[in-house]
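The values are calculated or read from the model by the stated rules, or taken from the named source; none is laboratory data. Just so it is clear, the model here is predicted, and its values are computed rather than measured. Reconstructed Cβ throughout: ideal geometry from the backbone, glycine too, with neighbour counts over all protein chains shown. Remember, those area values only see protein heavy atoms, side chains included, never the ligands or the DNA or RNA. Shrake-Rupley method; radii C 1.70, N 1.55, O 1.52, S 1.80 Å.
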Amino acid sequence: MKIVGIVGSTAEKSYNRLLLQYIQREFTDLFDLEILEIDQIPLFNQDNPELATEGPVHTLNRKIRQADGVIIATAEHNHTTPGPLKSALEWLSFTIHPLKNKPVKIIGASYLDQGTSRSQLHLRQILEAPGIDALVMPGQEFLLGNCKEAINANGDLVEPSTVSFLKGSLEKFMKYVESVQPLKDNPVFPEEDLTATKHCDTTIEGVDMTAPDWVEQAAAKVGAVEGDTYVKLDRGLLTVDQLNWFLKTIPLELTYADENNQYIYYNRVKPGQDMFASRYEKDVGSPLGAVHPPRAVKNVSWVISQLRSGNMEGVHVHVPIHKENYVVHNYVAMHDEDGKYRGINEHVLDLQPVIEWYLEQTGQKLVKIEEDTTDASTSASMNGAWSHDDKNAVEADAKSGASDAEVADTTTAAIATDEDSSASQS
């Protein structure tokens, strides 16, 4: 089970951070904990709503959306919650609402005997306010007083009785997370603009997106480098030729659709009609809406909105129309260093050769398990995460050259696959 822990303090030395780090280290048998900081969250300002969909706020939003539950470790300042934590919660209840129907546990550490009791009381009231609507776990308060003495220099809790109480409280929180799953929110997001008319900071202006030679026109417009010209990458230095050779030999079919929903790249590993997900040169540069049949547009929009909002980090679907292969279509959200959404990385992979090689090397065999082994306690299964209508979104293959017949076949097959619990969300 995936849980995120929010440090409710921006102090460089925070006992609440130490408390979350202790939980992360000592209770791995209960859940996976990712610790989130709020020190980069700007002061809430309703005049700048765009800040909720980019940067640190967007990162916090998508991490919470993808988690099964949240633990907030709050400090206490002047008998109440710290200002930075309150400001972060303002962002999370203004235009975005990731905590709605999300199970939350409150804990806290303070220098004095009362152990953030007043801060926790106020935080509980804030989290239950309209607009936030979190499902705060009742009772089971964990109030760590005299934290300077309660936590030693190694970051460990000193008293065995405190450790025992904390473990019991966290175990109950896991049961609470499971029990409120039926109340899990199914958020509605704005429909995506698949005509790519909004443009973004990397859009190449003045070139017709639907032109069959868009790549050549756009390259000439911006003076794009090619051939033996070097490109400095994050951790490497390659020529454009080397980049092309490298990308073409990766055992994946790669597609890049940018944040403006413009289809701008695929690695041409084979002739278009021979690829698992057909790609054609003339379609590169087109808006995603132009390379999908009209009946697929709604579902394309659904998938992109889930990735753009941070509600899902990725969609992974087995498409069994390729009879001799186990082909998986993966759609993963891309973000820049500041957490801003930058588009979709679609990669199509045939797992069959990998599976066969692994079985040959290990001498193992695949055994069909008849009973339903779906893990209902996590968000790993699409079976529990999607409604029936949502399942149709698997036809939203963000690629070019998709014919009506191909999309229909892919959709039918992928829905059946999902009901067998082979589709997952990360």
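Some values worked out for this structure:
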| read-out | value |
| --- | --- |
| Cross-chain or 6+ apart pairs with Cβ under 8 Å, the range 355-370 first and basic (Lys, Arg), then not in a loop (DSSP other than H, G, I, E, B) | LYS365/LEU359 |
| Residues located in the range 4-25, provided they are more than 11 Å from GLY108 (Cα to Cα), in contact with a helix residue (DSSP H, G or I) (Cβ under 6 Å, 6 or more places away or on another chain) and either open to solvent by 40 Å² or more (accessible area, probe 1.4 Å) or β-branched (Val, Ile, Thr) (or both) | VAL4, THR10 |
| Residue list for the range 40-54, restricted to those being touching a residue at least 40 places away in the same chain (Cβ under 8 Å) and surrounded by fewer than 13 Cβ atoms within 10 Å (Cβ to Cβ) | LEU43, GLN46, PRO49 |
| Flag for GLN66 being closer than 25 Å to SER179 by Cβ, out of contact with any helix residue (DSSP H, G or I) (no Cβ under 9 Å at 6 or more places or on another chain), surrounded by fewer than 24 Cβ atoms within 10 Å (Cβ to Cβ) and not aromatic (Phe, Trp, Tyr) | yes |
| Odd one out for GLY206, checked against (1) open to solvent by 20 Å² or more (accessible area, probe 1.4 Å); (2) out of contact with any helix residue (DSSP H, G or I) (no Cβ under 7 Å at 6 or more places or on another chain) | (2) |
| Leading residue by the ranking (farthest from GLU54 (Cα to Cα)) among those in the range 77-114 that are open to solvent by 50 Å² or more (accessible area, probe 1.4 Å) and of a type in the set (Ser, Thr, Tyr) | TYR111 |
| Matching strands (runs of 3 or more DSSP E) fully within the range 302-367 where at least 3 residues are among the aliphatic types (A, V, I, L, M) and open to solvent by less than 30 Å² (accessible area, probe 1.4 Å) | 327-335 |
| Failed condition for ASN260, given (1) crowded, with 19+ Cβ neighbours inside 10 Å; (2) in contact with a strand residue (DSSP E or B) (Cβ under 7 Å, 6 or more places away or on another chain) | (2) |
| Answer residue from the range 174-192, given it is of a type in the set (A, V, I, L, M, F, W, C) and assigned to a helix (DSSP H, G or I) and is most open to solvent (accessible area, probe 1.4 Å) among those | LEU183 |
| Filter result (more than 27 Å from the chain's Cα centre (by Cα) and surrounded by 14 or more Cβ atoms within 10 Å (Cβ to Cβ)) within the range 244-257 | ASN244 |
| Failed criterion for ASN345 (all others in (1) over 17 Å from PRO251 (Cα atoms); (2) at pLDDT 90 or above; (3) not small (Gly, Ala, Ser) hold) | (1) |
| The range 263-282, subset outside any loop (DSSP other than H, G, I, E, B) and open to solvent by 20 Å² or more (accessible area, probe 1.4 Å), residue farthest from HIS347 (Cα to Cα) | LYS282 |
| Residue in the range 242-260 that is hydroxyl-bearing (Ser, Thr, Tyr) and touching a Pro at 6+ places or on another chain (Cβ under 9 Å) present | no |
| First in the range 122-139 and more than 17 Å from LEU85 (Cα to Cα) and open to solvent by less than 60 Å² (accessible area, probe 1.4 Å), second anywhere and hydrophobic (A, V, I, L, M, F, W, C) and not in a loop (DSSP other than H, G, I, E, B), Cβ under 7 Å, 6 or more apart | LEU135/VAL104; LEU135/LEU183; MET137/VAL104; MET137/PHE173 |
| Filter result for the condition that a residue is under 30 Å from TYR22 (Cβ atoms), among the β-branched types (Val, Ile, Thr) and outside any strand (DSSP E or B), over THR210, THR195, THR162 | THR162 |
| Top-ranked residue of the range 26-39 - restricted to ones that are touching a strand residue (DSSP E or B) at 6+ places or on another chain (Cβ under 6 Å) and without any contact (Cβ under 8 Å) to a residue 60 or more places away in the chain, ranked as most open to solvent (accessible area, probe 1.4 Å) | ASP32 |
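Yes/no per residue for (1) without any contact (Cβ under 8 Å) to a residue 60 or more places away in the chain; (2) open to solvent by less than 30 Å² (accessible area, probe 1.4 Å); (3) of a type outside the set (A, V, I, L, M); (4) in a loop (DSSP other than H, G, I, E, B):
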| residue | (1), (2), (3), (4) |
| --- | --- |
| ALA153 | yes, no, no, yes |
| LYS172 | yes, no, yes, no |
| VAL215 | no, no, no, no |
| ALA218 | no, yes, no, no |
